[in-house]
Structure formats: structure tokens, C-alpha cells
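One structure is given here, and the rest of the page talks about it.
The values are calculated or read from the model by the stated rules, or taken from the named source; none is laboratory data. Every value quoted in this text rests on a predicted model; they were computed, and no experiment measured them. Reconstructed Cβ throughout: ideal geometry from the backbone, glycine too, with neighbour counts over all protein chains shown.
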Amino acid sequence: MVDNTEALTTQKEPYPLLAASGLCKSFGGIKAVDNAEIQVAQGTITGLIGPNGAGKTTFFNLLSNFIRPDKGRVIFDGEPIQNLRSHKITQMGMVRTFQVARVLSRLSVMENMLLGAQKQTGENFWRVWLQAKLVKREERQLRERAMEVLESVGLASKAQDYAGALSGGQRKLLEMGRALMTNPKLILLDEPAAGVNPTLIREICDRIVLWNQQGMTFLIIEHNMDVIMSLCSRVWVLAEGHNLAVGTPAEIQNNPQVLEAYLGQ
């Protein structure tokens, strides 16, 4: 597993690509997220941790607007997005994955990848007939792009296999690859190491570091502390829906409040 911390912390602090403040969400009177905030600097790998039930996945859903906040503000790349639909946010360049990888099992790996491409000419009914040559050329280019991405996630040999035949770890790699097909500026990863064998965890981490070095920004929820501490330059901690701490991995590891709330010490 590659330790990316030193390289990232020596860089100048870039502007926040994602900034959320005052986010609140209640379900049946229970506050799942309570006045929470986060900033993710451009070009970094940022971690989000907390004990079970801390509100991390709900927070992710609020950031990507899979659910609407009761109040609060989310700014992505300088624009407020808390009132935009999720697909509009994806088109702006922020895309998320899920704790349980969501793939279309009865489609091939390649077909899953092609579904991730944005604003295809062939999506318009009339253009399919009026611009047939353009549509075919675009499809060919997308297949070439999809194969390049599959090679980058180690799934090129599985391109024609059913996605349902992949292992859990391979499905997570496919979901990451499909996210890359949107040409994102920021990827929100929800527990990329959950349920994955150690060999694939190392592979996933190495690829995250590589993509980050190529300019991709990441926000990662993860229970595997080795993954968080080796990848992230900054870590935010949630507990009972609100911010508990923020700092470098070393600072978080030595924070008494975090040790008590998250590690049970």
C-alpha cells in the first residue's frame, strides 16, 4: 500500500473544491446529521471517519444530494449545489460510489462502463437518425476510452464478462472505473475497502494514489484505519452526526476525543 501523506502535505494548500457548512438532516425527530461541515481541498485525498451510526453515509448523501438537507449549504467548484438534482451534480464533475457496489449484473463489464459516459449524442432520439456517423464515431471513441479505464483498474480481461460474475472487490473497481468515465473532478468513495480481500485493498489504494497524482480529488469514508491513515492528508471525524475533530492522520490518531468515541479507548 502506498503512503501518499508526505507528498500531499508538502504541497501548497489549494482552494476547497468542496465545502459544506451547517448541514442538518433529521429522520423522525432523530438528528442523523447535526450542523456538520467539511472542506475538501482540490487535488487531495480527504478522509471521513467515525463510529457506526455517526452519520457518515447520510452526510455523503447530503453532499451529493441523494437526499435533501433540512438546512445547510454545499459549494462545489465555487457553485452552490444543495438544490441541484444528483445527475446535474454528476455532470458538474462530482460523482460518488456506494458501500455496496451498484453494478448492472446482467450487463457486461463494458456495457456498465459505457453507461457512465455523459452527454452522448446517441441519447437524443433524432440525432441517432440524423447524425448516425457521429453517433458511431462517438461510440467507438467511448469504447476505446472505456477499455483504457478498465486497464487502469485491472479489469480489461473481464470486459465482456457479466458484471454479476465479478467478485465484491472487482465490482468496487468497476464502480470506480464507471465513475472515471464521467471525467470527474471529485470522487466520493463510500468504504472502498469494505468486504474486500487484502490483496485487492492494496490494489484499490494504489490506484487511488495514482489517480490522485494525475489530478483527481477524493473524499473517502472508510472504517479500515490503515487505509485512511496511509492515503489521506486530512481526516474529518463525525460522531453522533456532528463534527468531532479534523486534522492530519497523526493528529487524529492521538486525539483523546477520537480515541474515546471512535476507538473506544
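Some values worked out for this structure:
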| quantity | calculated |
| --- | --- |
| So Asn52, is it closer than 26 Å to Asn212 by Cα and not in a strand (DSSP E or B) | no |
| Of the criteria (1) under 14 Å from the mean Cα position of the chain (by Cα); (2) closer than 27 Å to Met229 by Cβ, which one Gly53 fails | (1) |
| Residue tally, condition among the hydroxyl-bearing types (Ser, Thr, Tyr), at pLDDT below 90 and out of contact with any Cys (no Cβ under 9 Å at 6 or more places or on another chain), over the stretch 1-56 | 3 |
| Count of residues meeting criterion [part of a helix (DSSP H, G or I), crowded, with 19+ Cβ neighbours inside 10 Å and either at pLDDT below 85 or among the β-branched types (Val, Ile, Thr) (or both)] in the stretch 171-199 | 0 |
| Filter result for the condition that a residue is of a type in the set (S, T, N, Q), under 20 Å from Phe98 (Cα atoms) and out of contact with any helix residue (DSSP H, G or I) (no Cβ under 8 Å at 6 or more places or on another chain), over Asn197, Asn243, Asn183, Asn255 | Asn183 |
| Residue tally, condition surrounded by fewer than 17 Cβ atoms within 10 Å (Cβ to Cβ) and closer than 17 Å to Gly247 by Cα, over the stretch 40-59 | 1 |
| Long-range neighbours under 6 Å by Cβ, at least six apart or interchain, first residue closer than 23 Å to Leu62 by Cβ and part of a strand (DSSP E or B) within the stretch 227-249, second among the aromatic types (Phe, Trp, Tyr) and at pLDDT 90 or above | Val246/Trp236 |
| Any hit, the stretch 74-92, residues being assigned to a helix (DSSP H, G or I) and touching a strand residue (DSSP E or B) at 6+ places or on another chain (Cβ under 8 Å) | yes |
| Selection from the stretch 151-207 of residues that are outside the structural domain of Gly93 (by TED's automatic domain parsing), in contact (Cβ under 8 Å) with a residue 60 or more places away in the chain and among the acidic types (Asp, Glu) | Glu175 |
| Count of the stretch 71-91 residues which are closer than 19 Å to Lys25 by Cα, free of Cβ contacts under 8 Å to residues at least 24 places away in the same chain and of a type in the set (D, E, K, R) | 1 |
| Residue match in the stretch 101-121 (condition: touching a helix residue (DSSP H, G or I) at 6+ places or on another chain (Cβ under 7 Å), at pLDDT below 75 and either at positive phi or in a helix (DSSP H, G or I) (or both)) | yes |
| Index of the failed condition, Leu62 passing every other in (1) part of a helix (DSSP H, G or I); (2) modelled with pLDDT under 80; (3) surrounded by 17 or more Cβ atoms within 10 Å (Cβ to Cβ) | (2) |
